[in-house]
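A.B. asks: Got a structure for you, questions after.
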Amino acid sequence: MQWKPPLWLLYCSAAEAERYGGFEPTWRLEGCSCRHAPCESEGFRSATVMTAQSCPRQHCATTMDSAALEPSLYTVKAVFILDNDGNRLLSKYYDPELYPSMKEQKNFEKNVFNKTHKADHEIAFLEGMTIIYKSSIDLFFYVVGSAQENELMLMAVLNCLFESLSQMLRKNVEKRTLLDNMDGVFLVVDEIIDGGVILESDPQQVIEKVNYRADDSPLSEQSVAQVLQSAKEQIKWSILK
């Protein structure tokens with residue numbers, strides 16, 4: 001009799017399907033809605049039955065909630081950038097029910113940093129969240145989604161964010177340069193994500209939109225500097241005359 005994949009696998013990303021796709025139907029996760037195979041990277045290779053607490057995705061539900069499987073445009077729960085000490089440089093949380101206070105957000109970011117800053121992977125599961133991350137010199141970039149979210153979608157957001165900032169900062173993606181261009185960094189994030197909805201995943205399109213918004217702003221630092229320089233030149237010529 002040919003084995004058919006369980007329902008949860010049909011809603012799984014391609015990356016996760018490959019990760020868990022070779023297991024036998026006897027694998028079962030007690031107290032959790034998912035039926036995972038033991039995950040080698042999480043140290044469950046020798047286990048035959050896991051508990052909800054040892055589930056790599058940290059699910060707690062005993063039954064599959066059909067509402068949780070419904071497609072949603074609100075893909076991203078949070079985006080944040082930390083330095084190599086785990087200090088926040090930028091953060092945006094798009095779900096008001098997810099860590100509503102500043103203290104809760106910083107505790108979550110600290111836990112995420114402690115789990116990922118020495119790891120070689122690109123994905124982590126923590127506190128029921130799927131976290132995609134990337135490091136560059138003294139910076140760590142994070143994109144957070146729900147436990148059921150497609151990792152490939154989150155990875156596309158992270159790659160777009162990093163490549164857009166790399167172009168804007170002339171490939172000098174480090175803390176000092178980032179802090180000197182924070183206005184542009186916020187513009188980049190806003191062009192990619194709006195309220196948790198992914199707007200753009202093409203870095204070139206993001207940069208073009210950011211440049212257009214910067215040039216279109218009458219109060220941008222560049223335009224103010226140009227006005228001041230023009231005024232100085234006019235004064236200089238009037239004195240010489």
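A.B. asks: Residues of the stretch 99-134 being crowded, with 17+ Cβ neighbours inside 10 Å and in contact with a His (Cβ under 9 Å, 6 or more places away or on another chain), which ones?
C.D. replies: TYR133 - this is the single residue of the stretch 99-134 that is crowded, with 17+ Cβ neighbours inside 10 Å and in contact with a His (Cβ under 9 Å, 6 or more places away or on another chain).
A.B. asks: List the residue pairs whose Cβ atoms are under 9 Å apart, where the first residue sits in the stretch 100-111 and is in contact (Cβ under 8 Å) with a residue 12 or more places away in the chain, the second is β-branched (Val, Ile, Thr), and the two are 6 or more positions apart or on different chains.
C.D. replies: PHE108/VAL144
A.B. asks: Output the number of the condition that LEU165 fails; it satisfies all remaining conditions of (1) open to solvent by less than 10 Å² (accessible area, probe 1.4 Å); (2) touching a residue at least 24 places away in the same chain (Cβ under 8 Å); (3) over 16 Å from VAL76 (Cα atoms); (4) not acidic (Asp, Glu).
C.D. replies: Checking LEU165 against (1) open to solvent by less than 10 Å² (accessible area, probe 1.4 Å); (2) touching a residue at least 24 places away in the same chain (Cβ under 8 Å); (3) over 16 Å from VAL76 (Cα atoms); (4) not acidic (Asp, Glu), the one that fails is (2).
A.B. asks: With respect to ASP183, is the statement that it is of a type outside the set (Phe, Trp, Tyr), open to solvent by 20 Å² or more (accessible area, probe 1.4 Å), modelled with pLDDT under 95 and under 18 Å from the mean Cα position of the chain (by Cα) true?
C.D. replies: No: the conditions fail for ASP183.
Per-residue answers, yes or no, for (1) in contact with a strand residue (DSSP E or B) (Cβ under 8 Å, 6 or more places away or on another chain); (2) at pLDDT 95 or above; (3) within 30 Å of VAL188 (Cβ to Cβ); (4) open to solvent by less than 20 Å² (accessible area, probe 1.4 Å):
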site: PHE44; (1), (2), (3), (4): yes, no, no, no
site: THR51; (1), (2), (3), (4): yes, no, no, no
site: THR62; (1), (2), (3), (4): no, no, no, no
site: LYS77; (1), (2), (3), (4): yes, yes, yes, no
site: ILE81; (1), (2), (3), (4): yes, yes, yes, yes
site: ASN87; (1), (2), (3), (4): no, yes, yes, no
site: LEU90; (1), (2), (3), (4): yes, yes, yes, yes
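A.B. asks: Which members of the stretch 137-162 meet the condition of being free of Cβ contacts under 8 Å to residues at least 40 places away in the same chain and open to solvent by less than 20 Å² (accessible area, probe 1.4 Å)?
C.D. replies: Matches in the stretch 137-162: LEU158 only.
A.B. asks: Hey, among THR130, THR116, which residue is out of contact with any Asp or Glu (no Cβ under 7 Å at 6 or more places or on another chain) and either free of Cβ contacts under 8 Å to residues at least 24 places away in the same chain or among the β-branched types (Val, Ile, Thr) (or both)?
C.D. replies: Working: THR130 fails: out of contact with any Asp or Glu (no Cβ under 7 Å at 6 or more places or on another chain).
When all the criteria are applied, what remains is THR116.
A.B. asks: Here's something else I'd like to know. With (1) at pLDDT below 95; (2) of a type outside the set (Phe, Trp, Tyr); (3) under 15 Å from the mean Cα position of the chain (by Cα) as the list, and ILE131 as the residue in question, which single condition is left unmet?
C.D. replies: All conditions pass for ILE131, except number (1).
The values are calculated or read from the model by the stated rules, or taken from the named source; none is laboratory data. Owing to the predicted nature of the structure, the values given are computational and were not obtained by experimental measurement. Note that we place each Cβ from the backbone using ideal geometry, even for glycine, and neighbour counts take in every protein chain shown. Remember, those area values only see protein heavy atoms, side chains included, never the ligands or the DNA or RNA. Shrake-Rupley method; radii C 1.70, N 1.55, O 1.52, S 1.80 Å.
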